[in-house]
Amino acid sequence: MNLRGIFAIYHFEMSRMFRTVSQSIASPVLSTALYFIVFGSAIGSKIGNIDGVNYTSFLVPGLIMLTILNQSVSNASFGIYFPKFSGTIYEILSAPISPIEITCGYVLAAASKSVLVGLIILITSAFFIEITILHPFWMLLFLILMSITFSLFGFIIGIWANDFQKIQLIPSFILTPLTFLGGSFYSISMLPDFWQKLSYVNPIVYLISSFRWSFYGNSDVNVVVSISATFFFLVLCMVFVSWIFKTGYKIKT
Amino acid sequence: MIAIDIKNLNKSYENGLKALKNINLSVRSGEIFALLGPNGAGKSTLINIICGISKKTSGKVTIFGKDNILDYKFTRSKIGLVPQEIATDSFEKVINTLKFSRGLFNKVPSDEYLSFILKSLNLVTKKNNQIRTLSGGMKRRVMIAKALSHEPKILFLDEPTAGVDVNLRKTLWNFLNKLKKNGVTIFLTTHYIEEAENIADRIGIINNGEILITENKKKLIEKLGEKKIIITINSSHNKISYITKKYQLKKNKNKLSYIYNSKKNIDLSASLLSDLVKSSVKIDDIEIEKSNLEEIFLNMVEK
């Protein structure tokens with residue numbers, strides 16, 4: 001196994017993040033802080049409690065998940081797309097490193113960035129809002145698992161994309177709407193019956209709900225179903241990535 | 001020992017373009033092999049397939065006896081590649097990009113070896129500079145340094161001196177010769193015939209995806225090269241017309257040109273001189289011109 005190769009990619013990607021701290025860390029943290037101010041303090045005070053949890057506190061898991069999903073996809077897609085765009089991908093393709101090792105390097109770096117940003121948001125919010133974490137182990141596990149899964153998804157987008165516009169296409173038109181409609185800012189039980197049923201088709205509902213469960217012990221859906229759905233999506237992404245490398249799709253001519 | 005062995009290699013694209021047609025080629029360990037060919041001849045495609053960047057349609061490539069697909073970890077660990085286009089991470093420092101390349105090829109970190117490479121390519125003073133701040137020539141050196149950072153046994157250079165000034169070109173030639181002395185096999189493609197003529201041991205000519213010839217450089221020039229003997233005579237002479245016709249000489253004022261190809265014709269220069277002397281023609285000067293690689297190359301690809 002080419003562990004040095006994996007570390008080289010990981011280290012390169014993490015260095016890029018630290019070179020662009022304002023874009024990689026400060027920007028998502030600031031955006032989330034603005035959500036807290038607008039939805040939590042301004043509008044939240046009018047809403048009251050949801051499932052026995054103060055609305056501002058209720059928001060925290062949803063906002064972390066919203067950031068995690070977006071950051072994982074954008075970090076990983078940009079990480080692999082940029083070498084394709086600049087031409088430096090030649091070095092990765094001509095190195096004695098397997099497709100799995102390449103994927104590990106990029107996906108672990110993207111997931112690490114997301115987990116870091118998620119934890120920063122959590123720590124920052126703890127200064128202003130009362131946060132309870134009933135299941136810290138599961139909280140951390142969800143955080144890592146979803147970061148890895150969506151980084152893998154972002155990696156696929158980065159390989160598929162052949163221009164910068166396409167990198168933003170799926171996050172903007174599919175992922176963000178699904179996350180907003182997936183219960184980041186509300187409980188599914190607050191919706192009318194028809195919209196509740198429709199929401200259960202949205203996979204993001206399961207992710208946010210299970211993550212919120214790790215905080216407050218309340219969930220709109222069965223946690224086991226959520227974990228199974230996340231694993232299923234993870235395996236699906238892995239199968240797709242291995243197919244990409246096997247066929248050279250969008251990488252090798 | 002054979003470093004690179006290519007057998008019946010073909011490459012076709014989905015649009016039907018046949019980029020490589022039944023390529024058979026061997027490069028011995030420790031030699032400098034230059035592949036010449038016009039734009040679109042298939043030079044880069046060939047290198048990309050050997051290095052694992054492009055897929056082949058059929059055929060086999062082995063590096064030191066191992067298949068470049070089945071044993072890709074072994075074969076790629078032996079190869080360093082300098083692509084045609086300058087492609088670097090602009091915001092990365094020179095030293096960090098070398099460390100990245102070395103790590104990628106699973107080599108133990110070695111500041112000592114990287115310092116040696118930086119020194120060899122006159123990059124020591126630039127090691128902490130961001131790559132984007134370097135000149136085009138310096139970036140080209142960084143590309144070469146990256147390719148050498150993992151101590152490869154075979155170095156592929158795809159038009160390494162394109163757009164590089166004469167000084168840097170000569171520095172690079174000297175450096176490649178040093179690498180050769182250290183046992184590194186060098187496979188380069190070039191547009192500069194002078195480059196191949198100066199540093200290559202063997203030369204291949206490729207056109208329209210087909211290798212037209214591979215030959216030792218000197219033998220190639222001897223085998224395919226024409227010689228021209230220019231004889232300057234003192235004055236016109238009545239019997240010259242007979243000699244001109246016999247040897248198919250070209251006459252320009254008092255200069256007689258005799259052209260022959262050692263492969264196609266018998267060398268009649270001795271007989272020509274003898275006839276001129278017998279005819280009492282006074283010879284002022286004799287010049288011999290050999291055709292160079294450029295003429296051979298143009299002759300082959302324009303056929």
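The values are calculated or read from the model by the stated rules, or taken from the named source; none is laboratory data. Keep in mind the model is a prediction, meaning the values are calculated, not measured. Don't worry about glycine lacking a Cβ; one is built from the backbone with ideal geometry, like all the others, and counts go over all protein chains shown.
Results, tabulated for the structure shown:
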| quantity | calculated |
| --- | --- |
| Odd one out for A:Phe245, checked against (1) within 23 Å of A:Cys104 (Cα to Cα); (2) part of a loop (DSSP other than H, G, I, E, B) | (2) |
| Every residue from the stretch B:20-78 that is in a strand (DSSP E or B) and hydroxyl-bearing (Ser, Thr, Tyr) | B:Ser26, B:Ser58, B:Thr62 |
| Subset of the stretch A:97-137 [away from chain B (no Cβ under 14 Å) and among the polar types (S, T, N, Q)] | A:Thr103, A:Ser112, A:Ser114, A:Thr124, A:Ser125, A:Thr132 |
| Qualifying positions in the stretch B:64-78 - among the hydrophobic types (A, V, I, L, M, F, W, C) and either away from every other protein chain (no Cβ under 11 Å) or on the phi > 0 side of the Ramachandran plot (or both) | B:Phe64, B:Ile69, B:Leu70 |
| Set B:Ile288, B:Ile211: member being at negative phi, at pLDDT 80 or above and within 29 Å of the chain's Cα centre (by Cα) | B:Ile211 |
| Residue within the stretch B:30-42 that is in contact with a Ser or Thr (Cβ under 6 Å, 6 or more places away or on another chain), without any contact (Cβ under 8 Å) to a residue 40 or more places away in the chain and surrounded by 18 or more Cβ atoms within 10 Å (Cβ to Cβ) present | no |
| Verdict on B:Ser12 being out of contact with any His (no Cβ under 9 Å at 6 or more places or on another chain), over 21 Å from B:Thr190 (Cβ atoms) and in contact (Cβ under 8 Å) with a residue 24 or more places away in the chain | yes |
| Hey, B:Ile231 in the same structural domain as B:Leu118 (by TED's automatic domain parsing) and not hydroxyl-bearing (Ser, Thr, Tyr) or not | no |
| Extreme residue, nearest to the other protein chains (Cβ to nearest Cβ), among residues of the stretch B:79-100 that are assigned to a helix (DSSP H, G or I) and either of a type outside the set (Ser, Thr, Tyr) or in contact with a strand residue (DSSP E or B) (Cβ under 9 Å, 6 or more places away or on another chain) (or both) | B:Phe100 |
| Any hit, the stretch B:120-134, residues being crowded, with 16+ Cβ neighbours inside 10 Å and within 27 Å of B:Ile2 (Cβ to Cβ) | no |
| Output for the stretch B:43-59, where each listed residue is loosely packed, with under 15 Cβ neighbours inside 10 Å and among the basic types (Lys, Arg) | B:Lys55 |
| Residue satisfying all of: in the stretch B:162-176; in a helix (DSSP H, G or I) and in contact (Cβ under 8 Å) with a residue 40 or more places away in the chain; nearest to the chain's Cα centre (by Cα) among these | B:Leu176 |
| Single residue of A:Ser24, A:Ser15, A:Ser94 found to be within 14 Å of chain B (Cβ to nearest Cβ) and touching a Cys at 6+ places or on another chain (Cβ under 6 Å) | A:Ser94 |
| Complete set of residues in the stretch B:101-119 that are in a helix (DSSP H, G or I) and either surrounded by fewer than 17 Cβ atoms within 10 Å (Cβ to Cβ) or within 7 Å of chain A (Cβ to nearest Cβ) (or both) | B:Ser101, B:Gly103, B:Leu104, B:Asp111, B:Glu112, B:Ser115, B:Phe116, B:Lys119 |
| Which listed residue, of A:Thr124, A:Thr103, is assigned to a helix (DSSP H, G or I), surrounded by fewer than 19 Cβ atoms within 10 Å (Cβ to Cβ) and polar (S, T, N, Q) | A:Thr124 |
| Those helices (runs of 4 or more DSSP H) lying entirely in the stretch A:27-100 with at least 1 residues β-branched (Val, Ile, Thr), more than 28 Å from A:Ala126 (Cα to Cα) and within 21 Å of the chain's Cα centre (by Cα) | A:55-86 |
| Yes/no for A:Ser24 being loosely packed, with under 14 Cβ neighbours inside 10 Å and part of a helix (DSSP H, G or I) | no |
| Residue under evaluation A:Pro83, criteria (1) within 14 Å of chain B (Cβ to nearest Cβ); (2) in contact with a strand residue (DSSP E or B) (Cβ under 8 Å, 6 or more places away or on another chain), criterion not met | (2) |
| Qualifying residue in the stretch B:73-94 (condition: in contact (Cβ under 8 Å) with a residue 60 or more places away in the chain, among the hydroxyl-bearing types (Ser, Thr, Tyr) and assigned by TED's automatic domain parsing to the domain that holds B:Phe33) | yes |
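Residue-wise test of (1) small (Gly, Ala, Ser); (2) surrounded by 16 or more Cβ atoms within 10 Å (Cβ to Cβ); (3) under 22 Å from A:Leu119 (Cβ atoms).
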| residue | (1), (2), (3) |
| --- | --- |
| A:Met139 | no, yes, yes |
| A:Met190 | no, no, no |
| A:Asp193 | no, no, no |
| A:Val201 | no, no, no |
| A:Trp213 | no, yes, yes |
| A:Val225 | no, no, no |
| A:Ala229 | yes, yes, no |
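Residue-by-condition table, conditions (1) over 17 Å from the mean Cα position of the chain (by Cα); (2) outside any helix (DSSP H, G or I); (3) within 24 Å of A:Pro61 (Cβ to Cβ):
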residue: A:Ile157; (1), (2), (3): no, no, no
residue: A:Ser209; (1), (2), (3): no, no, yes
residue: A:Trp213; (1), (2), (3): yes, no, yes
residue: A:Ser219; (1), (2), (3): yes, yes, yes
residue: A:Ala229; (1), (2), (3): no, no, yes
residue: A:Phe233; (1), (2), (3): no, no, yes
